[in-house]
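The structure appears below as structure tokens.
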Amino acid sequence: MIHLLSLSGSLRSTSSNTQALHAAAKLVPPGVAVDHYDEIGQLPHFNPDLEDHLPESIVDLRARVVRADGLLISCPEYARGIPGSFKNMLDWLVGSPDFPGKPVALFNTSPRASAAQAALKLVLETMSATIIPEACITLALLGKQADPDAIASDPDNSEMLRRALQAIVGHISAA
Ligand SMILES: Cc1cc2nc3c(=O)[nH]c(=O)nc-3n(C[C@H](O)[C@H](O)[C@H](O)COP(=O)(O)O)c2cc1C
């Protein structure tokens, strides 16, 4: 079984990014399970002083990332950058020895959110993640009231998500 961990950069209850990740979970090929991490809003602010005595929530976050064979990330753009809460989570993962080499699929739900995607790629590359280019997709969900079932049953969106999932799963299987 291949385990993927999905992480949304939006805390909004009806977030298009979270909905896209839930849609992806409905479209995974057989033999793949998706676990969604939804505690980003509860993480403490990153502080290097705490690295020697990690808070329980960070121990759990890192353990879930370690257990995952790959990450599905979907993140909005705030003020031409990465939302602070998501960057905070990534900062906690910088010191995680198992993060380098982690395969990552990057979803974007807004075609105009190019600055945040570029910034996210730079941060993830700096953290030595393995970004799978064929698994980086932009869905046109901005301004649409989309639920996971609607996204998963839309021909264009589901096709893009399926291809992205195949790309990251193919990379993991071949490793
Ligand atoms: C505080 C704030 C700042 C935003 N800044 C930008 C921006 O710089 N560029 C952009 O394309 N969209 C911006 N947006 C729009 C969001 O990226 C957009 O609403 C996105 O769909 C939110 O993702 P979600 O549906 O997953 O919550 C901003 C939204 C908020 C709330």
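The values are calculated or read from the model by the stated rules, or taken from the named source; none is laboratory data. Keep in mind that what you see is a predicted model, and the values were worked out from it rather than measured. Virtual Cβ from ideal backbone geometry, glycine too; neighbours counted across all protein chains shown.
Structure notes:
- Residues that are more than 16 Å from the ligand (Cβ to nearest atom) and touching a residue at least 60 places away in the same chain (Cβ under 8 Å), drawn from the range 35-79: V65, R67, A68, D69, G70, L71
- Test: residue in the range 143-154 that is over 24 Å from I2 (Cα atoms), crowded, with 20+ Cβ neighbours inside 10 Å and at pLDDT below 95: yes
- Hey, P76 surrounded by 14 or more Cβ atoms within 10 Å (Cβ to Cβ), assigned to a loop (DSSP other than H, G, I, E, B) and either at pLDDT 95 or above or among the aromatic types (F, W, Y) (or both) or not: yes
- If you go through the range 98-116 and keep only what is hydrophobic (A, V, I, L, M, F, W, C) and near the ligand (Cβ under 9 Å from one of its atoms), you end up with A113, A115, A116.
- Subset of the range 1-24 (residues that are away from the ligand (no atom under 16 Å from the Cβ) and either in contact with a Ser or Thr (Cβ under 9 Å, 6 or more places away or on another chain) or assigned to a strand (DSSP E or B) (or both)): I2, H3, L4, L5
- The combined condition, being surrounded by 14 or more Cβ atoms within 10 Å (Cβ to Cβ), within 16 Å of the ligand (Cβ to nearest atom) and farther than 13 Å from S16 by Cβ, is fulfilled by I137.
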